[in-house]
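The values are calculated or read from the model by the stated rules, or taken from the named source; none is laboratory data. Fair warning: this is a prediction, and the values are worked out from it, not measured in the lab. Positions of Cβ are generated from backbone atoms using ideal geometry, with glycine treated the same way; all protein chains shown enter the neighbour counts. Surface areas here come from the heavy atoms of the whole protein model, side chains and all, with no ligands, DNA or RNA. Shrake-Rupley method; radii C 1.70, N 1.55, O 1.52, S 1.80 Å.
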Amino acid sequence: MADKMWSGRSKKALDSRVNDFNSSISFDWRMYAWDIAGSIAHATMLGEQGIIAKTEADKIVAELEKIREDIASGALQIDFEAEDIHMFVEAELTKRIGETGKRLHTARSRNDQVALDIRLYLREEIRLVQELIANLLAAIADKASDNIRTVMPGFTHLQHGQPVTFAHYILAYAQMLRRDMERLDDVYMRTDCMPLGSCALAATTYPLNRHRVAELLGFSAVTENSMDGVSDRDFVIELASALSILMMHLSRFSEEIILWCSSEFAFIELDDAFSTGSSIMPQKKNPDIAELVRGKTGRVYGDLTTLLTMMKNLPLAYNKDMQEDKEAIFDAIDNTKLCLELFTKMLDTAVVRADAMLEVAKKGFMNATDCADYLVRKGMAFRDAYKITGQLVAYCIENHYIFETLPLEAYQSYSPLFDEGIYAAVDLIHCVNERKVYGGPSEESVLRQIDGIHQFLNDREHA
Ligand code: ARG
């Protein structure tokens with residue numbers, strides 16, 4: 001252990017427990033490709049600037065490319081005794097090309113190196129999460145297209161409120177996911193900023209060309225202050241926050257699915273491939289995926305809390321506490337991606353029980369407002385119409401009718417304004433389709449929403 005790269009000052013080998021405690025390679029190895037990409041850009045720039053010889057830079061770049069290939073192919077095993085991925089790659093390089101390898105770390109610190117690696121890694125992951133959101137949006141748009149006339153109860157306080165369609169219902173979640181997508185664009189923008197050249201904290205006396213490194217790595221900006229460059233983790237926290245909000249949406253949707261699968265609702269049936277049985281109750285079909293998505297939401301919130309708490313007392317600039325950022329954000333990303341993928345498949349394969357939805361929708365007198373509106377259109381004041389409709393509801397309940405089956409004479413005994421037209425007015429699909437207001441549940445409004453989702457996805461694809 002005395003051969004640590006930083007062991008110049010130290011007289012003793014590191015205690016083995018300290019080595020393990022200090023080490024981050026068990027989780028930061030997954031950034032190896034980005035660590036190498038960053039080193040390639042750095043070495044290229046050092047060569048271009050004449051800080052190291054061009055021939056040496058070329059040699060470093062060529063060997064780093066080989067190391068990347070060897071790790072990818074499994075020919076080179078990561079040494080989990082190494083302190084972190086940065087040390088591992090550099091040690092391997094030096095092992096392979098000797099003295100020249102030692103020149104790579106000129107005008108660089110692991111502090112700006114790790115800041116660069118996380119930004120590179122997260123940039124890619126943000127785009128992967130966004131692809132999965134796009135898939136879910138497309139699945140929702142598809143399910144909605146199939147259910148434009150599938151009437152179901154809409155709820156407030158989980159009590160029957162007014163009729164909507166299944167399409168309109170799930171398109172509400174599409175709107176949430178669109179905002180999630182935009183939030184991630186916003187996080188991406190601030191992640192896309194190049195910190196290398198901040199070095200340990202006070203930049204360097206070497207004539208670096210930081211903008212060139214940014215260009216080589218496809219960054220659209222360069223950090224403005226070296227102390228901030230090495231100690232900013234806002235973008236990590238922002239990402240955890242955006243993922244938490246996204247998971248909150250998936251969790252609400254999961255809760256609906258869990259309810260809808262119960263025999264009390266029976267609004268949907270999950271595909272056998274996306275539900276599980278019980279080891280003792282043979283009749284069971286459980287919505288485990290939806291429950292796990294709901295459960296993992298808590299875990300992602302935990303990751304956000306970890307990050308916020310980890311950062312709250314840190315003085316400038318780098319502190320080792322910040323090494324704790326990676327496990328939290330990796331966990332948040334891994335779980336969110338898993339949830340998005342499985343949730344999409346579960347929704348896609350679920351069967352919508354339109355009959356059950358309609359049957360339940362008819363029982364709740366959700367067309368009462370429409371009955372009152374009918375009388376208003378015939379000239380009655382709304383307050384009077386409201387009162388008569390209330391009396392009709394009471395009459396129906398007592399005599400086991402619903403508005404759709406109540407005989408016309410019964411209607412007319414409450415008001416002579418009723419005629420045959422009342423049956424069309426209280427027909428549930430009619431009630432829904434009359435709500436033509438922009439953003440409402442009518443067929444034309446829902447078609448506009450579905451179109452909006454397709455447009456949104458299409459614009460992103462061609463952006
Ligand atoms: N493994 C460290 C991290 O993830 C890299 C930076 C270490 N820098 C240092 N001076 N010890 O934060």
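Kindly check whether there is at least one residue in the stretch 168-187 that is open to solvent by less than 40 Å² (accessible area, probe 1.4 Å) and either among the polar types (S, T, N, Q) or part of a loop (DSSP other than H, G, I, E, B) (or both). Within the stretch 168-187 (the criterion being open to solvent by less than 40 Å² (accessible area, probe 1.4 Å) and either among the polar types (S, T, N, Q) or part of a loop (DSSP other than H, G, I, E, B) (or both)), the answer is no, since none of the residues qualifies.
I'm checking my understanding of the structure. Among residues of the stretch 1-19 that are away from the ligand (no atom under 16 Å from the Cβ) and charged (D, E, K, R), which one is least open to solvent (accessible area, probe 1.4 Å)?
At the first step, the residues of the stretch 1-19 found to be away from the ligand (no atom under 16 Å from the Cβ) are 2-3, 11-13, 15-17.
From what is left, the residues that are charged (D, E, K, R) are 3, 11-12, 15, 17.
Numbers: 3: 130, 11: 199, 12: 164, 15: 87, 17: 174 Å².
Of everything passing the filter in the stretch 1-19, 15 is least open to solvent (accessible area, probe 1.4 Å).
Condition check ((1) within 29 Å of residue 307 (Cβ to Cβ); (2) surrounded by 15 or more Cβ atoms within 10 Å (Cβ to Cβ); (3) under 19 Å from the mean Cα position of the chain (by Cα); (4) of a type in the set (Asp, Glu)) across all residues:
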site: 196; (1), (2), (3), (4): yes, yes, no, no
site: 203; (1), (2), (3), (4): yes, yes, no, no
site: 208; (1), (2), (3), (4): no, yes, no, no
site: 219; (1), (2), (3), (4): yes, yes, no, no
site: 230; (1), (2), (3), (4): yes, yes, no, no
site: 262; (1), (2), (3), (4): no, no, no, no
site: 277; (1), (2), (3), (4): no, no, no, no
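Of all residues in the stretch 188-228, those satisfying the criterion of being aliphatic (A, V, I, L, M), assigned to a helix (DSSP H, G or I) and in contact (Cβ under 8 Å) with a residue 60 or more places away in the chain are 213, 216, 227. Close Cβ contacts (under 7 Å, 6 or more residues apart or on different chains) running from residues in the stretch 251-267 that are charged (D, E, K, R) to residues that are in a helix (DSSP H, G or I) comprise 255/294. Just wondering, is there one or more residues in the stretch 368-386 that are among the small types (Gly, Ala, Ser), at pLDDT below 95 and under 19 Å from residue 153 (Cα atoms)? Within the stretch 368-386, one or more residues are among the small types (Gly, Ala, Ser), at pLDDT below 95 and under 19 Å from residue 153 (Cα atoms).
Just wondering, is there one or more residues in the stretch 405-419 that are in a helix (DSSP H, G or I), touching a residue at least 24 places away in the same chain (Cβ under 8 Å), open to solvent by less than 50 Å² (accessible area, probe 1.4 Å) and aliphatic (A, V, I, L, M)? Checked against the condition, which is being in a helix (DSSP H, G or I), touching a residue at least 24 places away in the same chain (Cβ under 8 Å), open to solvent by less than 50 Å² (accessible area, probe 1.4 Å) and aliphatic (A, V, I, L, M), the stretch 405-419 yields no hits at all.
Out of the residues in the stretch 120-154 meeting the condition of being among the basic types (Lys, Arg) and assigned to a helix (DSSP H, G or I), tell me which one is nearest to the ligand (Cβ to nearest atom). Among them, the one singled out is 123. Pairs linking a residue in the stretch 443-461 that is assigned to a helix (DSSP H, G or I) to a residue that is surrounded by 15 or more Cβ atoms within 10 Å (Cβ to Cβ) and among the hydroxyl-bearing types (Ser, Thr, Tyr), with Cβ atoms under 9 Å and 6 or more positions apart or on different chains, are 443/165; 446/165.
The one condition from (1) charged (D, E, K, R); (2) surrounded by 15 or more Cβ atoms within 10 Å (Cβ to Cβ); (3) out of contact with any Asp or Glu (no Cβ under 9 Å at 6 or more places or on another chain) that residue 383 does not meet is (2).
Do we have residue 324 as surrounded by fewer than 19 Cβ atoms within 10 Å (Cβ to Cβ), more than 16 Å from the ligand (Cβ to nearest atom) and without any contact (Cβ under 8 Å) to a residue 40 or more places away in the chain here? Spell out how you get there, then give the answer.
Numbers: surrounded by fewer than 19 Cβ atoms within 10 Å (Cβ to Cβ): yes; more than 16 Å from the ligand (Cβ to nearest atom): no; without any contact (Cβ under 8 Å) to a residue 40 or more places away in the chain: yes.
No; evaluated as a whole, the condition is false for this residue.
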